[in-house]
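Derivation of every value follows stated rules applied to the coordinates shown; laboratory data play no part. This is a predicted model, so every value here is computed, not measured. All Cβ positions, even for glycine, are placed from backbone atoms using ideal geometry, and neighbour counts span all protein chains on display.
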């Protein structure tokens, strides 16, 4: 298989993952269960006390957290999204779940699959593009080109994840305060 074929495959997967990311984002807004149960787990914390959940299916609409009580075993939540604000929007918004069992609860935060897949295929295509540049005898320094792309993604992840972790922890605190007050 040629580099151009690998590049084309990476491009096709990237486009598919872009559309999947759009569907996943809509699912986050609408609290679709499969969206909150899938993704790369980056937060996994124990919550020692368990609030009593009432009003199954009830929406939680607070300034720092949006959520939905899915069942007596599960609550989905996310950071509110404001289109016009001075907040930095990152490609890795964390979607949270609080899963109850017995007298304890577990908080799980996940990043979207679509965004991660898009970034991964972009890196693959970028790297293949660097190798293709070497094969065409262009004046582009392929190593700098490839390393520049990888550095860009590394910087994006290094900036995005701490911001999103801070936001989801703030949302978690507001959610737990709300759930314990309602109990």
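Numbers for the structure displayed
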| item | result |
| --- | --- |
| The chain - percent relative contact order, Cα under 8 Å, separation 6 or more | 29 |
| Identified option (computed Cα Rg over 2.2 N^0.38 Å; candidates (i) 1.10; (ii) 1.26; (iii) 1.18) | (ii) |
| Cα pair distances exceeding 22 angstrom across the range 87-183, given as percent | 50 |
| Taking 35, 15 and counting other C-beta atoms within 10 Å, the order from fewest to most | 15, 35 |
| Residues 13, 94, 69, 22 arranged by fewest to most Cβ contacts within 10 Å | 22, 13, 69, 94 |
| Ranked 156, 132, 28, criterion: other C-beta atoms within 10 Å, fewest first | 156, 132, 28 |
